[in-house]
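The values are calculated or read from the model by the stated rules, or taken from the named source; none is laboratory data. Please read all numbers here as calculations on a predicted model, not as lab measurements. With ideal geometry, Cβ positions are generated from the backbone for all residues, glycine too; neighbour counts draw on all protein chains shown. We work out accessible area using only protein heavy atoms, side chains counted, and drop any ligands, DNA or RNA first. Shrake-Rupley method; radii C 1.70, N 1.55, O 1.52, S 1.80 Å.
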Amino acid sequence: MEHQVLVVDDDPTVSDVVRRYLEQSGCRVRLAADGSAALAAVAAERPDLVVLDVMMPGLDGLEVCRRLRHDQPDLPVVMLTALGEEADRVLGLEIGADDYVTKPFSPRELVLRIRSVLRRAGTPPAEPEPAAIFHDGDLTADTARRVAWLGGERLQLTVREFDLLEFLLRHPGRAWSRADLLGKVWGWQIGDQSTVTVHVRRLREKIEDDPAAPRRILTVWGIGYRYEAEAGSR
């Protein structure tokens, strides 16, 4: 299946390299040179994924990501950040980016990351988990439709947030390290474990009555996290 990817970067050399590699992998690519053009391009024709540079004149990538998340919370976003700018990476994840790649980057690695996010967003894996509807108190998640509700209100979850929630619902009561979750949910054997920390924090903000005192996603000190479902939940 051909996916459409919007690449947003004010450096034409970077945009051209990314475009060529994505086209070689079978994607259809559109380019935008700044944040305003990116928002207009998404409004005109929604892509399957946005590759978004953080540092741009005018509207920077973080603000564009914030606006995209407000209007289209399920649109996958992969951010490009400068090497060593950890604050930008963490903030991008907190705003709702699904993944990030640091500059300078390998175009092949970027394509692999993009493919991974696209698979999670809509293409079933080779051996998919059976579809299920999970109920935990006032929380419901339908894995076939990839939607979740809390108290009857539909939750606005990003691709990775839903992936994380589904994984935890499928494996309640077990403690998982951040490295475990990075491998099981993101498919990364090596990566920044702050990615997991930020996504857990964001997910707690959406499904917990009090994110500071969570009752569902618990911290297991020295290990990672455990999902604690209500008795009788499924």
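Tabulated data
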| quantity | calculated |
| --- | --- |
| Within the chain, helix-based [θ] at 222 nm, where runs of 4 or more DSSP H residues each add -39,500 (n - 2.57), nearest 500 | -11500 deg cm²/dmol |
| Antiparallel %, DSSP beta bridges [both residues in the chain], to 5 | 50 |
| Equivalent-ellipsoid semi-axes of the range 1-121, from the Cα gyration tensor, Å, largest first | 18, 16, 14 |
| Relative pair counts by distance (%), Cα atoms of the range 28-81, 10 Å bins | 26, 65, 9 |
| Two-decimal Rg to Rh for the chain - Kirkwood Rh, Cα set | 0.97 |
| For the chain, with +1 on Lys and Arg beta carbons and -1 on Asp and Glu, the positive-most of 211, 183, 112 along the dipole | 183 |
| For the chain, with +1 on Lys and Arg beta carbons and -1 on Asp and Glu, the positive-most of 31, 54, 131 along the dipole | 131 |
| Normalised contact order of the chain, rounded percent, pairs of Cα under 8 Å and 6 or more residues apart | 14 |
| Accessible carbon and sulfur surface of the range 131-234 relative to its total accessible area, %, 1.4 Å | 49 |
| Top of 38, 141, 213 by mean-square fluctuation, Gaussian network on the chain, Cα under 10 Å | 213 |
| Gained length - residue 16 relative to residue 112, 0.36 nm times residue gap less alpha-carbon distance | 32.8 nm |
| Carbon and sulfur %, accessible surface of the range 39-117 computed with the full protein complex present, 1.4 Å | 55 |
